[in-house]
Amino acid sequence: MKSLLLAVAATALLAGCATAGGQQQSAQSAQAQQPSSPRAADPYPSTYRAYPGVVTAITNATIFDGEGGRIDNGTIVLAEGRILAVGGADTAIPEGATRIDGNGRWVTPGVIDIHSHLGNYPSPGVEAHSDGNEVTGPVRPEVWAEHSIWPQDPGFSRALANGGITTLHVLPGSANLFGGRGVTLRNVSARTYQQMRFPGAPRSLKMACGENPKRVYGNRNQMPGSRMANVALMRQTWQRAVEYRDRVGRDPNTPRDLALETLVEVLNGDVLVQNHCYRADEMAIMLDMAQEFGFRIASFHHAVEAYKIADLLRERGTCASVWADWWGFKMEAYDAVNENAPLIHNAGACAIIHSDDANGIQRLNQEAAKTLADGRRMGIQISDETAWRWLAINPATALGIADQTGSLRVGKRADVVLWNGHPFSVYTRPQQVWIDGALLYDMNNPQLRPVSDFELGQPGEGDTK
């Protein structure tokens, strides 16, 4: 975020975040490799480059490691974009490191939001910016959410400064059975989405069950107009993908079908399914469909009835990405319980707290706290440090990036938040946020307050709450 457009050679170029020394870094594009074949190469590769940082040690803090571990009076050392060390008060600190006293504060991994529409439904929320749903047909796997992302969306900076969001997954909307590809982003200032794209993170396929597709297309008197038509059209589409995969295997010169290519990548395990689905019965049907055609669902999203089938989710290795307490806004959201995430977790399945909202992404820590408290009131005792999994390693796992981020382990990317109080308190906010070891937000440093070029001169420029 913290970005300005500077005129360079009569072209507006986006400057990078100011470093602690007041210098600025321009995000640089890498040269895309020449494709070896039109199907093997990524036509829109990541050009992400980490902002520069300095060796930093945070001491005397309470550390939640993101995997359920806790260290009191802990120390964490960041160097060269990675976590160099994490441990107790006796952890060695390199000579010359910038030291930050974390006494009375908490350190966690950066928060990961697995379900966002920032950039696709940006602020201002006007029709000209509404680019998250391609509602011209119920089967649209050929569209990619990343091609609608507006990097200057002020929502990115608010998510960083108010919510400690370091990584987010941007998805198409849920109007279609097959809504297109989603993309995982680093929450950094950039001119292009490629400069934000998480290197090596697999893309996703957004699918949707239930009311949305049947309402949108049923109202047009076309298929699907019912839940049984949802399933039938999905199965027909997967069957076409299987047949296309087999044709290409026999004849590499088969004419390209970009829609079916996305589905074949799912079948090959290269693209992960993120499935909008509310009702337990429909999630069970989708698990059976995945088994029928040989793909895996990484996570069900919204999943307000996931507590009813937590055992099935555990057996299939599928996460449930849920809200704390959204319910009742349509019939399929009616049978929700505030204890959904704790019940899923308590059954041994993978629970995730997500936003699906430009405001909610700024306080996912509070959303997790609400459902954690609801679980405790019904007798499910989950520790604070364990519940942080719902914002860290669990979404990282469902996005296929757990080897890179999602926990404070030596060698992982140094995505770190220093909170000015207990991270589950409504009174707490991020004090400092590092992405790849670069300090990108500091509540006490006005030069490290994110501002996009679009905001310059606008009322509330750079405002954070």
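The values are calculated or read from the model by the stated rules, or taken from the named source; none is laboratory data. The shown structure was predicted, so the numbers you read here are calculated from the model rather than taken from an experiment. So basically every Cβ, Gly included, is an ideal-geometry build from the backbone, and we count neighbours across all protein chains shown. Note: accessible area is taken over every heavy atom of the protein model, side chains too, but ligands, DNA and RNA are not part of it. Shrake-Rupley method; radii C 1.70, N 1.55, O 1.52, S 1.80 Å.
Can you tell me what percent of all Cα-Cα pairs in the chain are more than 42 Å apart? Intermediate values should be presented prior to the final figure.
On the way: 15845 of 107880 pairs.
Roughly 15 percent, once rounded to a whole number.
Between Ile100 and residues 5 or more places away or on another chain, which pairs have amide H atoms under 5 Å apart, with H built 1.01 Å from N, and which residues are they?
So Ile100 has HN proximity to Ala57, Ile58, Thr59.
Short version: ³J(HN,Hα) in whole Hz for each residue of region 202-211, in order, from phi by Karplus 6.51 cos²θ - 1.76 cosθ + 1.60 (θ = phi - 60°), x for Gly and Pro, what are they?
The phi angles translate into x, 6, 10, 10, 7, 10, 9, 9, x, 5 Hz.
By the gyration tensor of its Cα atoms, with a ≥ b ≥ c the square roots of the eigenvalues, what is the shape of region 189-290: rounded for a/c under 1.5, prolate for a/b over b/c, or oblate?
Note, shape of region 189-290 comes out oblate.
Considering every pair of different Cα atoms, what Kirkwood radius, in Å, is found for region 395-436?
Details: mean 1/r = 0.0871 Å⁻¹.
So the Kirkwood estimate lands at 11.5 Å.
Solvent-accessible area per residue for the chain at a 1.4 Å probe radius, Å²? Numbers along the way, then the final one.
Working: 18430 Å² over 465 residues.
Computed with neighbouring chains in place, this is 40 Å² per residue.
Find the centroid of the Cα atoms in region 205-239 and in region 177-196, then give the distance between the two in whole Å.
Taking the Cα centre of each part, region 205-239 and region 177-196 sit 26 Å apart.
Provide the gained length on full extension for the span Asn253 to Ala85, in nm with one decimal, where the gain is 0.36 nm per separating residue minus the Cα-Cα distance. Kindly include the intermediate steps, with their values, before the conclusion.
Numbers: separation 168, 0.36 × 168 = 60.48 nm, distance 5.10 nm.
Additional length available on full extension: 55.4 nm.
Could you list, in their original order, any pairs among Lys308/Lys330; Lys308/Lys370; Lys214/Lys370 whose Cα atoms are separated by more than 22 Å?
Details: Lys308/Lys330 19 Å; Lys308/Lys370 20 Å; Lys214/Lys370 32 Å.
In this structure, Lys214/Lys370 lie more than 22 Å apart at Cα.
For region 266-325 and region 373-393, write down the distance between their C-alpha centroids in whole Å.
Result: 21 Å between the Cα centres.
Over region 163-299, what is the relative contact order in whole percent, taking alpha-carbon pairs under 8 Å and six or more residues apart?
Details: 201 pairs, mean separation 29.9, N = 137.
Reported as a whole number, the value is 22 percent.
Between Val135 and Arg70, what length in nm is gained on full extension when 0.36 nm per residue of separation is reduced by their alpha carbon distance? Spell out each step's value before the answer.
On the way: separation 65, 0.36 × 65 = 23.40 nm, distance 4.61 nm.
Working it through step by step, the gained length comes to 18.8 nm.
Can you run phi through the Karplus equation (6.51, -1.76, 1.60; θ = phi - 60°) for region 279-284 and list ³J(HN,Hα) in whole Hz, with x for Gly and Pro?
7, 4, 5, 6, 4, 5
What do you get for the angle between helix 227-250 and the principal long axis of the chain? Use alpha-carbon atoms, 0 to 90 degrees, nearest ten.
Tilt of helix 227-250: around 90 degrees.
How do the peptides 218-226, 108-116, 329-337 rank, highest first, by the average count of neighbouring beta carbon atoms within 10 Å per residue?
Numbers: 218-226: 13.6, 108-116: 29.4, 329-337: 15.2.
Going by the mean number of other Cβ atoms within 10 Å, highest first, we get 108-116, 329-337, 218-226.
Kindly express, to the nearest 10 degrees and within the range 0 to 90, the angle between helix 364-377's C-alpha long axis and the longest C-alpha principal axis of the chain.
Once rounded, the angle reads 80 degrees.
Of the GluC sites (Glu not before Pro) in region 68-162, which ones lie in a loop per DSSP and count no more than 14 other C-beta atoms within 10 Å? Show your work: numbers first, answer last.
On the way: sites: Glu80, Glu95, Glu127, Glu134, Glu142, Glu146; in loops: Glu80, Glu95, Glu134, Glu142.
Taking region 68-162 and a limit of 14 other Cβ atoms within 10 Å, the loop GluC sites (Glu not before Pro) found are Glu80, Glu95.
Over the chain, what percent of the accessible surface lies on carbon and sulfur atoms, probe 1.4 Å?
Working: 8870 of 18430 Å².
It is 48 percent, rounded to a whole number.
Among Gly210, Met223, Met286, flag the residue with its Cα farthest along the positive direction of the charge dipole of region 110-406, charges on Cβ as +1 for Lys/Arg and -1 for Asp/Glu.
Met223
Karplus couplings for region 443-448 from phi (6.51 cos²θ - 1.76 cosθ + 1.60, θ = phi - 60°), rounded to Hz, Gly and Pro as x?
Per residue, the Karplus-derived 3J(HN,Hα) values read 4, 9, 10, x, 6, 10 Hz.
Roughly how many debye, to the nearest 20, is the charge dipole of region 110-406 about its Cα centre, given +1 on each Lys and Arg Cβ, -1 on each Asp and Glu Cβ, and no other charges?
On the way: 29 positive and 33 negative charges, 50 e Å.
For region 110-406, the charge dipole is close to 240 debye.
Could you work out [θ]222 nm for the chain from helices alone, using -39500 (n - 2.57) per DSSP H run of at least four and dividing by all its residues? Round to the nearest 500 deg cm²/dmol.
Working: 10 runs with 104 residues, N = 465.
So the helix-based figure for the chain works out to -6500 deg cm²/dmol.
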